[in-house]
Each structure stands twice: as C-alpha cells, then as structure tokens.
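Right, one structure below, let's go through it.
Each value in this text was obtained by applying a stated rule to the coordinates, not by laboratory testing. Owing to the predicted nature of the structure, the values given are computational and were not obtained by experimental measurement. Here the Cβ positions follow ideal geometry from the backbone for every residue, glycine too, while neighbour counts run over all protein chains shown.
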Amino acid sequence: MNPIRLLRGDTGGQVMLGLLAVAMVLVPVLNLAVPEGSPLHLSTFTVTLLGKYLTYALLAVAVDLVWGYMGILSLGHGAFFALGGYAMGMYLMRQIGDRGVYGDPVLPDFMVFLNWKELPWFWHGMDMFWFAALMVVLVPGLLAFVFGALAFRSRVTGVYLSIMTQALTYALMLAFFRNEMGFGGNNGLTDFKDILGFDLQADGTRVMLFLASGLALAAGYLACRWIIASRLGRVMVAIRDAEARVRFIGYRVERVKLAIFTFSAMIAGIAGALYVPQVGIINPGELSPLNSIELVIWVAIGGRATLYGAVIGALVVNYAKSVFTGILPEAWLFVLGGLFVLVTLFLPRGIAGIASMLRRRPAAEGATP
Amino acid sequence: MKALDQLREAMRPDRQWSFMFSQLDLGLDLSHGQILYLEDISVSFDGFKAINNLNFYVDVGELRCVIGPNGAGKTTMMDIITGKTRPDTGTAFFGQRIDLLQLNEAEIAQAGIGRKFQKPTVFEHHSVFENLELAMAGDKRALPTLFAKLSGAQRERIDEVLDTIGLVADRDRPAGALSHGQKQWLEIGMLLMQDPHLLLVDEPAAGMTHQEMERTAELLRSLAGRHSVVVVEHDMDFVRSIARRVTVLHQGSVLAEGSMDEVQNDPRVIEVYLGQ
C-alpha cells in the first residue's frame, strides 16, 4: 500500500492531506515556540479545538465509507464513536488512582459514591493502555459485527436499516444513563488527570493529542482510499448501485457489507478514543441519536463518496457550530437545517462537488458550437 | 468372520466416508447429457399458483426459447433456478448432483448459472471494463477481492469478451452512458465473464432496434454449444431467428414443447397464445 500511488488521481485527497501536513507542523510551532504575547501565538484552547475537529473528520470518513460508497445510511456511528470514547475514558479513569475526591486507590469516584465495594469485571485490565487501546477497536467492532451479521443476513436495507441503527444508538444511550451499568450514569466519565503518565492539562500533551488525531486521520483516510481503490471498493459501489446484480454475479453481498461496516465502526471507535482526552469528558449525551444524524449531515454537506468531502464537511460544519453557538446559540439548529437544505438543493454533490462542477462547466461550453 | 470383513472394509485406507463430502459439492456432473432438471415444481403467491407442477429439462449446449403469455410464470421459473424464489414443492437440480434448492444466489452463480434481467442492470458508475472485471469468474469472497489484481490472461479474457459483445470502443466509458441495446450486450458480456455453464436470458430483445436485435440473435447463437442458453422472449420473429427448441408455458406449466413449427401448429398453443 504505497500512499503516493493510492492518491494518484485523487486531487482532493492530495490537497487535503497536504494541508493537514502543513497544519501538523504549524500548529505545534505556533503554540509551543511562539511566545504567548505574540499575535501569531495559537492558544492551547484552539489547538484542542482543532484536534477535536480532526477526530470528527475521521469519524466522517468512516461514515462516508459505508454511506457514500456502499449506500448504507448508518445512523449508529455516533454509538461506535462513543463506545471507543468510553473505552478510552475508562483507561483515563483508572489513571486517576487515589487522586480522586474520595481517594480510593482503585475505585473511580462515582463507584465509591454508589457504595460499590469492588470493580465490575469489565473495568479490569482497563488500567493498562494496550488493553484499553485494544478495546477501543474491539468493542465497536464487535457490536457492529453482531448487529451487521443479523441485519444484513435478513437483508434489511434502506430506511429500515437506518431506523434500526438509530434504535441501537438510542437503546445504548438509555442503558448508559443508568448508574447500575457502571459507566458513571448521567455524568459519564470525567476529571481525567493524565494519559500514559503525561499531564492532560499540559500544552505539550495537548499538542501531542492534536498530532495523534492528525496522524489517525491521515492513516484512516489512506486505509479507506486503499479499500476504495481495490476491486472490493468497486464491488461496494456496485452494491450501492445494483445490489441484486452483484448477488447474481456471485458475490456474497452480506459479507462484503459486514466486513466494511465493521471496519468503519472500528475507525469510528478510534476517533472517539482520541476525542475523549481532548474534551475531557464522555457521557451518554454522545450516544444521542441527534449526534449520529448531525454527523450524516456533515458528510452530505461536504460531499458523499469522495472521502475528502467528508473531512471538509466535518471541519466546515463544526467550525460554523463553534462560531454560531458562541454568537447565537438558539439559532444553530436552524442554521444547520438551512445549510443542509441549501446544499441538497443547490450542491447535490456537496462542497467537494463544487470543484468538479467548475471544471466541467468550461469544458461543456467548449463542446457546444 | 463377517464382522471382521466389515471392519476391514470400514478401515480400508482409501475408504471415503460420505460425511467427508460437502453437501454443497459444486462439481457439475453432466454425464446424462442434461444440465437442468426442474421436476414437479409448484409455487404460489397469496394463493395464486404462479408455477403449477412444472417439469422442465435443458440439454447440455442447447439454445432453448421459453415463450408464453404474460403471467405464465416465465420470470418466476428463472427466479427459482437462480435461488431468488423458493418453490413450495418439487426439486431443482443443476447437472446430476447440485441441488439448487440448497444454495443461495451467490452460490448458484458460483456454481455456473448466469442470469440476465429483463431490465438491463449494469453498474452505471463503473466503466464497461470494470463491469466485466467485477463479473469475472474467480474467488469472490471479501478478503481475496480486497487483494485481487488483474493478471495478463484475465485482461486478455476481458478484451476478448469486449470484442464478442462489440463494445471495444466503449471500453472506458461509464456503463450508464451506454445506449439501451449496448447495456443489454454488456450484461450478456458480464454473464460470459462468469464462465457459466447455463445462461438464463430474460427478454434480451426488449426495446431494441431491428439491427440491434439481429446482432443480439447472432450473439446468442454463437454462445450455444459452448454454453447452454435459456432465453425468455416475447418477440416471435426474434424467437424464430434463434430457437431450435421452444417451450410454451401457460398458467405455470408446460403446454407444448418442440420446434417452432410444431409449436405454432399445436392447436392448444394457438388457442392460448399465438392465435390471438
């Protein structure tokens, strides 16, 4: 898998990854090397905000892989994202040790508060980073595998599948709200102190998390690009366009869907795991169906089936969200809805489609006599 | 002594136990000269008998036409052969050994039955070349497909099929940009790439111009012999131009079978179909 060969012909991807590389050099320099008083200084708050956007972008790429290329409109990717986040949150909770409010060396604060005497079985091992990192991909992957195996085998498609994925997210949210589940209930997991021994509040750690998010986005993008460029990628698009035909030429459509859906859920899990240490909290709110829907809107606005369009969409919409919720919080949902309607009407191929529209127009004019 | 003999027989080193063979043995056995056996097949939808005690056999290398009025069960018969519809009763065998009723669509396609739909269905966003590449016979499981690369011989095979279906010049065009007739040919080409033993072709001439129809007839005739071909068609001129044997379906069962002339002179056929 040679990245240069993979990106041949993918101009949007080249530009996107180029800009990402520039940002990954500039942001640390502007934050760490430029003195605080200078107008060029980038605050740590901004670095973290950018890092958060990058994890959203990675999540959007995962959604584009299944929706844009295979036609599965998943409204459950918020759940895979949150599960990855919870796995990371559990690791960070265990790192607090006896520095919590109650000072218990093993039990997180909320368990002491609930009068629990010992750690639930699924919290064991989460104090080891490698184990937690494994869970970050395995838990969302396993859920997607089991769910997908049942749904795709029964040939549930289209709107029905979307509704089922949404129900899955909703059910998980209700479950995670309960204190008895052992994930901190309503409040979720928070008050993190350090990751791999580094202080989470330190500028250097924040910059490292930003860089890790950037690297994960680049790797995730290239991995998805690689799948798309393979024959399996062409089978995926064929499934989107004419599923029955694919079956009659001898492909096991269910298995292709299952493999890609599971892979996509794992990417979403990684995005969630990078998101949590940067925002400092994970709670059941992340599992709300609204999040999953919003995330589909990012991809639609950025442009489906381009991968880099998903990245653009995630960055543009979330930047707009940060700005608008600062100025006029009540208006944000109207802006988002309006943006979605406008893009659907005037830019059916999203922001990424503008470039190809501009390229085609002069050619079309030249063709007419 | 008898028990000892039995034991010796059982322990024979070259002994092959029946349970060691997969139930889904995909080796096609054509030793009896027939490739498809449908026997006593019945299927009903909400009480309507779409197929009623159907018996239908196809010889190896034969080009067979199936005609019949609308609702005679032609497409349902194809659905049963390709695993899309399961019959209520009856048996369906491909060759001597492959029980079609035990397999799903993908397995049936892998076993060597290719199908062309009534409405041309090609992958519109893929180029003509890619359409043929996807249809090509080979390992179609997910992981091998991820790592699949085209060999020189496979490229040649695709070019050969492009030549057969007359789409060499359209090799790199998106399939969605082809004309209706060209899509039909591309779909037949996709069937050929699968190297099927049996081709099921549903209304290949529908919506075609006269020239296109002639080309299609020529194409189908050239396929017979190397493959067994079953064509469902409405257009009588087209059927006459390709068929050696014709089967007439009526109300879900076979009404008559024979050469075009025999069938056309059969009073029962005249009554239900041709005489109208």
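Within the set of other residues whose C-beta is less than 11 Å from the C-beta of residue A:47, count the net charge using Lys and Arg as +1 and Asp and Glu as -1. The partial results should precede the final answer.
Details: positive: A:52, A:206; negative: A:203.
Net charge in that neighbourhood comes out at +1.
Provide the packing ranking of A:345-356, A:254-265, i.e. peptides ordered by the mean count of other C-beta atoms within 10 Å per residue, highest first. If you can, show how the numbers build up before the last one.
Details: A:345-356: 15.5, A:254-265: 23.7.
Highest mean packing first, the order is A:254-265, A:345-356.
Lys and Arg at +1, Asp and Glu at -1: add these up for the other residues within a Cβ distance under 15 Å of residue B:150 and post the number. Before the final figure, lay out each step's value.
On the way: positive: A:231, A:234, B:140, B:149, B:155, B:157, B:171; negative: B:130, B:133, B:139, B:156, B:159, B:160, B:172.
Charge balance near residue B:150 sits at 0.
Classify region A:15-293: rounded, prolate or oblate, from the alpha-carbon gyration tensor (a ≥ b ≥ c, eigenvalue square roots; a/c under 1.5 rounded; otherwise prolate if a/b is larger than b/c)? Provide the component values of the computation, followed by the final result.
Values: a/c = 2.47, a/b = 1.29, b/c = 1.91.
Verdict is oblate for region A:15-293.
Give me a single rounded figure for B:118-130: the average over its residues of other chain Cβ atoms within 10 Å of their Cβ.
Values: counts 0, 0, 1, 7, 4, 11, 4, 7, 5, 1, 0, 0, 4.
Taking all residues of B:118-130 together, the mean is 3.
Quick check on region B:49-166: take the gyration tensor over C-alpha atoms, sort the square-rooted eigenvalues as a ≥ b ≥ c, and tell me if it's rounded (a/c under 1.5), prolate or oblate.
Details: a/c = 2.12, a/b = 1.73, b/c = 1.23.
Prolate is the answer for region B:49-166, as a/c is 1.5 or above and a/b outweighs b/c.
Using only helices, what value at 222 nm comes out for chain A when you add -39,500 (n - 2.57) per DSSP H run of length 4 or more and divide by the total residues, to the nearest 500 deg cm²/dmol?
Details: 15 runs with 254 residues, N = 369.
-23000 deg cm²/dmol, from helical runs alone.
Need one value for B:134-147: mean number of C-beta atoms belonging to other chains within 10 Å of its residues' C-beta atoms.
Working: counts 10, 7, 3, 2, 2, 1, 9, 6, 11, 3, 2, 12, 10, 3.
That average works out to 6.
Test of understanding: express the Cα radius of gyration of chain B as a ratio to 2.2 N^0.38 Å, with N the residue count.
On the way: Rg = 21.3 Å, N = 276, 2.2 N^0.38 = 18.6 Å.
Normalised by 2.2 N^0.38 Å, the Cα Rg of chain B equals 1.14.
Which whole-number percentage describes the relative contact order of chain A, with Cα contacts under 8 Å and a sequence gap of 6 or more?
On the way: 539 pairs, mean separation 112.3, N = 369.
Reported as a whole number, the value is 30 percent.
If the cut-off is a Cα-Cα distance under 30 Å, which lysines reach residue A:321, setting aside same-chain residues fewer than 8 apart in sequence?
A:52, A:193
Add +1 for every Lys or Arg and -1 for every Asp or Glu among the other residues with Cβ under 11 Å from the Cβ of residue B:227, and state the total. All intermediate terms of the calculation are to be shown ahead of the outcome.
Working: positive: B:226; negative: B:62, B:195.
Taking every Cβ under 11 Å from that of residue B:227, the sum is -1.
In chain B, if the dipole is taken from +1 on Lys/Arg beta carbons and -1 on Asp/Glu beta carbons about the Cα centre, which of B:255, B:30, B:70 is farthest to the positive end?
B:30
If I require 24 Å or longer along the helix axis, counting alpha carbons, and a Kyte-Doolittle average no lower than 0.0, what helices from chain A are left? Use full DSSP H segments. All intermediate terms of the calculation are to be shown ahead of the outcome.
Working: long enough: A:11-28 (26 Å, 1.80); A:44-67 (34 Å, 1.40); A:77-96 (29 Å, 0.67); A:129-153 (35 Å, 2.12); A:158-177 (29 Å, 1.50); A:203-229 (39 Å, 1.21); A:253-279 (39 Å, 1.25); A:308-327 (29 Å, 1.26); A:350-367 (25 Å, 0.17).
Both cut-offs are met by A:11-28, A:44-67, A:77-96, A:129-153, A:158-177, A:203-229, A:253-279, A:308-327, A:350-367.
To the nearest 20 Debye, how big is the dipole of region A:15-293 about its Cα centre, given +1 on the beta carbon of each Lys and Arg and -1 on that of each Asp and Glu? Walk me through the intermediate numbers first.
Numbers: 18 positive and 16 negative charges, 288 e Å.
The dipole of region A:15-293 has a size of about 1380 debye.
Can you list the lysines whose alpha carbon is less than 26 Å from that of residue B:119, not counting same-chain residues fewer than 8 positions off?
Straight-line reach from residue B:119, under 26 Å: A:257, B:49, B:74, B:84, B:140, B:183.
Among rounded, prolate and oblate, which fits the protein assembly as shown when a ≥ b ≥ c are the square roots of the eigenvalues of its C-alpha gyration tensor, a/c under 1.5 means rounded, and a/b larger than b/c means prolate?
Values: a/c = 2.56, a/b = 1.78, b/c = 1.44.
Note, shape of the protein assembly as shown comes out prolate.
Please give the calculated 222 nm ellipticity per residue for chain B, where each DSSP H segment of at least 4 residues contributes -39500 (n - 2.57) and the sum is spread over every residue; nearest 500 deg cm²/dmol? Please list the in-between numbers first.
Values: 10 runs with 92 residues, N = 276.
Dividing the helical sum by the residues of chain B leaves -9500 deg cm²/dmol.
So how far, in whole Å, is the C-alpha centre of region B:47-65 from the one of region A:302-353?
So the two Cα centres are separated by 55 Å.
Looking at the protein assembly as shown, send over the antiparallel percent of its DSSP beta bridges, to the nearest 5.
Numbers: 25 of 43 bridges.
Around 60 percent antiparallel, to the nearest 5.
What is the spin-label model distance, in nm, from residue A:177 to residue B:141 if the labels are put 7 Å beyond Cα along the C-beta direction?
Spacing of the two 7 Å Cα→Cβ label points: 4.4 nm.
Can you find, among A:38, A:356, A:76, the residue farthest towards the positive end of the dipole of chain A? Put +1 on the C-beta of Lys and Arg, -1 on that of Asp and Glu.
After comparing all options, I get A:356.
Among A:301, A:325, B:162, pick out the residue whose Cα is farthest towards the positive end of the charge dipole of the protein assembly as shown, where Lys and Arg carry +1 and Asp and Glu carry -1 on C-beta, about the Cα centre.
With unit charges placed on the Cβ atoms, the residue in question is A:325.
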